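**Student:** Before I ask anything, let me first share the structure, which is written out below as structure tokens.
The values are calculated or read from the model by the stated rules, or taken from the named source; none is laboratory data. What you see is a predicted model; the values in this text were computed from it and never measured. Neighbour counts run over all protein chains shown; Cβ positions are idealised from the backbone, glycine included. Only protein heavy atoms, including side chains, enter the accessible area calculation; ligands, DNA and RNA are left aside. Shrake-Rupley method; radii C 1.70, N 1.55, O 1.52, S 1.80 Å.
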Amino acid sequence: MSEPRQRRIAFVTIGQAPRRDVVPEMAALVGSHVRIDEYGVLDGLDAAAIAALGPRPGAYRFATRLADGTAVELDKAAAEDRLATLVARLDGAGYDLLVPLCTGAALPATATLTVEPQQVVDHTLAALAHRCRRVGVVVPLAAQVDTLHLSVPVACPVRLVHASPYEPDPARAAAAFAAAGTALADCDVVLMHCMGYGAAMRTMVAAAAGRPVLLSTHLVARLLAQILE
């Protein structure tokens, strides 16, 4: 009797692969029976090429990470163009799932089943909001607080705060997450709306907020695990 075919996922970051800050934590939830390959829209680019993709004045921006851990900001439209090209190249390459590691990027239609993190986390938040007085959302950048667009309407007030998952100074990072949690302490539930957030960051926000805190990476990874079970 032949061995069952190994299931395969392509994780696609808007930064550079590998994402050692994100993928190992997700892989542990998905399961060791699944092969994970990583790709990045900034792979192979030098500093000048990456700088050219920086945000234009007034444009929506993404926060992401290079392979060496350096944080960068990208223009949303430029990042989405490169992401669409990369996803199109991976479509039809034999993967069971394509998964962008971003909760705000638009994607082209694909023949391969694609799990869009923004749809997963935004619809989860919207479902919970029907029984909430107020929900909280943590985003990486101060500029995103006034410009974040959720993909579905939410039935209660939403309070947004920012805390970067890419802050290199541990003390500054801890202070930012504690401040975010404190600011959202009167929310019924909190969503950390970026695939760069990890379990340790969630713990800091939850300790300060005293409220349930949802992690985008865990929501998506647990869904992937069930699809590929």
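**Student:** When the chain is fully extended, how far beyond the present Cα-Cα distance does T182 get from V115, taking 0.36 nm per residue of separation?
**Tutor:** That works out to 20.9 nm of additional length.
**Student:** With a 10 Å radius around each residue's Cβ, average the other Cβ atoms per peptide and rank 26-36, 189-199, highest first.
**Tutor:** 189-199, 26-36
**Student:** So, one more: So for segment 72-115, what percent of the C-alpha to C-alpha distances run longer than 16 Å?
**Tutor:** The answer is 33 percent, as a whole percent.
**Student:** Can you pull the semi-axes for segment 90-164, root of five times each eigenvalue of the Cα gyration tensor, sorted largest first, whole Å?
**Tutor:** 28, 15, 9
**Student:** Then there is this: On the protein heavy atoms, probe 1.4 angstrom, tell me the percent of accessible surface of segment 8-132 carried by carbon and sulfur.
**Tutor:** 53 percent
**Student:** So what is the 222 nm mean residue ellipticity for the chain from helices alone, if each DSSP H run of at least 4 adds -39500 (n - 2.57) and you divide by all residues, rounding to the nearest 500 deg cm²/dmol?
**Tutor:** -10500 deg cm²/dmol
**Student:** Quick check: convex hull of the Cα atoms in the chain, volume per residue, rounded to a whole Å³?
**Tutor:** 131 Å³
**Student:** Now for a different question. Tell me, what is the Rg over Rh of segment 99-229, with Rh the Kirkwood radius over Cα pairs?
**Tutor:** With Rh from the inverse mean 1/r over Cα pairs, Rg/Rh is 0.96.
**Student:** Per q in 0.19, 0.22 Å⁻¹, report the Debye log10 I(q)/I(0) for segment 1-122, using one uniform scatterer on each alpha carbon and no solvent.
**Tutor:** -1.06, -1.37
**Student:** With every protein chain present, what is the per residue accessible area of the chain (1.4 Å probe, Å²)?
**Tutor:** 47 Å²
**Student:** Please turn the phi angles of segment 7-23 into ³J(HN,Hα) values with the Karplus equation 6.51 cos²θ - 1.76 cosθ + 1.60 (θ = phi - 60°), one per residue in order, whole Hz, x for glycine and proline.
**Tutor:** Couplings: 7, 9, 10, 9, 8, 10, 9, 7, x, 10, 8, x, 9, 5, 7, 10, 5 Hz.
**Student:** Using only the alpha carbons of segment 175-217, what is the convex hull's orientation-averaged projected area in square nanometres?
**Tutor:** Mean orientational projected area (segment 175-217, Cα hull): 2.5 nm².
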